[in-house]
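The values are calculated or read from the model by the stated rules, or taken from the named source; none is laboratory data. Since this is a predicted model, take the numbers as computed values, not measurements. Here Cβ is always computed from backbone atoms with ideal geometry, including for glycine, and neighbour counts include all displayed protein chains. Accessible surface is based on the protein model in full, side chains and every heavy atom, while ligands, DNA and RNA are left aside. Shrake-Rupley method; radii C 1.70, N 1.55, O 1.52, S 1.80 Å.
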Amino acid sequence: MMLKSTTRHVHIYTAIVANNELVPSDDKLTLDIDPDNEFNWSEDALKAVYAEFDRLVDAAAGEDLTDYNLRRIGSDLEHFVRQLLQQGAISYNLKSRALNYSMGLPRVEAEESAG
Amino acid sequence: MVLNSPTANNKVSLIPGEKIANPSAPPTVTHGLSENVILTTVDDLYNWCRLSSLFPLLYGTACCFIEFAALIGSRFDFDRFGLLPRASPRQADLLITAGTVTMKMAPALVRLYEQMPDPKYVIAMGACTITGGMFSSDSPSAVRGVDKLIPVDVYIPGCPPRPEAIIDAIIKLRKKVATESMQDRAYTLQTHRFYERSHDLKVVPPILTGRYLQTGAHSAPPKVLMESMGMPISEAIAELAPEDKEI
Ligand code: SF4
């Protein structure tokens with residue numbers, strides 16, 4: 001059975017993409033980033049997320065392939081996306097389907113209090 | 001205004017030492033459709049048709065759905081807004097998330113949302129689906145708001161919101177639908193950014209089989225309950241008694 005962890009910006013499936021469909025697979029993971037375009041993505045930001053995904057999956061080597069462990073990777077990745085947003089590497093897409101600011105409202109921050 | 005500046009890095013109007021956290025910016029990609037000329041009257045007619053026949057999906061996961069069910073009934077009568085409850089996501093274009101959503105339910109909710117045909121709308125009903133509500137402080141499994149899972153168009157506060165509040169939300173949603181333009185349709189389409197890799201996790205048989213009540217761990221009632229019901233207490237449970245007293 002295909003396992004998955006799907007949150008708004010990070011979809012992880014135990015499947016591969018073939019002919020625009022997800023085909024369940026036991027030894028592959030497919031990551032999909034922000035399908036609903038809440039953020040404006042740049043190539044660099046995407047590469048950083050993929051690299052972080054690689055790191056997390058490598059760190060999870062040897063553990064059971066269950067929903068729980070996938071969710072753990074997924075939620076760590078969501079935190080990473082949030083960091084990118086706070087640093088300004090990605091930004092909220094003002095033309096997205098619904099502007100929810102789901103990772104915090106834009107705000108002006110003094111440099112000292114940052115982080 | 002700063003927040004709407006064309007680039008997120010435009011710090012012209014910021015004093016030194018300040019920066020914008022969580023910036024927002026218009027998308028840099030343009031879609032062909034947005035350059036076409038579409039008559040506003042066509043837009044209006046099209047929107048009017050859509051907003052008068054929003055078909056909500058019958059989706060309820062907790063207590064909020066009781067109020068939603070009251071709305072379907074004759075006293076509040078939501079058919080007058082052209083709403084017809086649909087039991088299949090393929091026929092629905094409005095998802096009212098009535099009730100708490102847990103992490104276990106999350107993939108199912110996202111899948112239901114993805115199965116709905118475009119254009120589709122989501123109303124988050126109740127405190128649970130806005131912030132996690134009363135589960136937000138200590139629950140290990142409740143999702144802290146469905147906007148962490150899917151885009152939400154209208155939020156209805158309340159625990160649970162009255163049917164009138166849902167009617168109010170639907171009227172707000174109709175206003176939103178009425179101001180939409182076909183030119184912006186391309187921006188609401190999904191974009192997939194797939195990345196595939198192999199992994200070294202250990203493949204195990206499914207753990208969520210729906211049979212955990214049959215595993216034996218849940219077959220005996222708690223000791224206090226067994227005593228008060230006059231049931232014979234097995235030795236293994238009686239041995240646990242000293243621990244119970246400490247508590
Ligand atoms: S918001 Fe209140 S009424 Fe609605 S599902 Fe949550 S606990 Fe139940």
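Here are the numbers for this structure:
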read-out	value
Estimated 222 nm signal from helices in chain A, with DSSP H stretches of n ≥ 4 weighted -39500 (n - 2.57), rounded to 500	-11500 deg cm²/dmol
Total charge dipole magnitude, the protein assembly as shown, about the Cα centre, Cβ charges on Lys, Arg, Asp, Glu only, Debye to nearest 20	980 debye
GNM top mover of A:59, A:45, A:15 - chain A, alpha-carbon springs below 10 Å	A:59
Per-residue ³J(HN,Hα) for region B:185-192, Karplus 6.51 cos²θ - 1.76 cosθ + 1.60, θ = phi - 60°, Hz, x for Gly and Pro	4, 4, 6, 8, 5, 6, 10, 9
Sparsely packed trypsin sites (Lys or Arg not before Pro) within region B:155-242, loop by DSSP, other Cβ within 10 Å at most 15	B:193, B:211
Placed amide H near residue A:39: partners under 5 Å, 5+ positions off or other chain	A:93
FRET efficiency, residue B:171 to residue B:108 (Cβ-Cβ, R0 30 Å, nearest 0.05)	0.55
Paired Rg and Dmax values of chain A, which use every Cα atom, in angstrom	15.5, 50
Rounded FRET efficiency, nearest 0.05, which uses the C-beta distance separating residue B:29 from residue A:50 and R0 of 25 Å	0.80
Karplus 3J(HN,Hα) series, Hz, for region A:15-26 with 6.51 cos²θ - 1.76 cosθ + 1.60 (x for Gly, Pro)	7, 10, 9, 9, 6, 6, 10, 8, 10, x, 8, 7
Distance between region A:67-114 and region B:129-185 - C-alpha centres, whole angstrom	20 Å
Contact order normalised by residue count of chain A, Cα under 8 Å, 6+ apart, percent	27 percent
Helix-only mean residue ellipticity at 222 nm for chain B, each DSSP H run of n ≥ 4 adding -39500 (n - 2.57), per residue, nearest 500	-7500 deg cm²/dmol
Charge dipole magnitude, Cβ of K and R +1, D and E -1 - region B:95-247, Cα centre, debye nearest 20	760 debye
Whole-Hz couplings from phi, Karplus 6.51/-1.76/1.60, listed for region A:51-61; x for Gly and Pro	5, 5, 4, 4, 4, 5, 5, 4, 5, 8, 4
Heavy-atom surface of the protein assembly as shown, accessible at 1.4 Å and reported per residue (Å²)	53 Å²
Förster radius 35 Å - calculated FRET efficiency between residue B:52 and residue A:43 (Cβ-Cβ, nearest 0.05)	0.20
Dipole of region A:25-115 [Lys/Arg +1, Asp/Glu -1 at C-beta], most positive-end residue of A:74, A:49, A:35	A:35
38 Å tail of the calculated P(r), the protein assembly as shown, as % of Cα pairs	29 percent
Distant-in-sequence amide H partners of residue B:121 (H built 1.01 Å from N, under 5 Å)	B:94, B:95
Amide proton proximity set for residue B:196, modelled H, under 5 Å, gap of 5+	A:31
Relative contact order for chain B, counting Cα pairs under 8 Å that sit 6 or more residues apart, in percent	17 percent
For A:51-58, mean number of other protein chain Cβ atoms within 10 Å	2
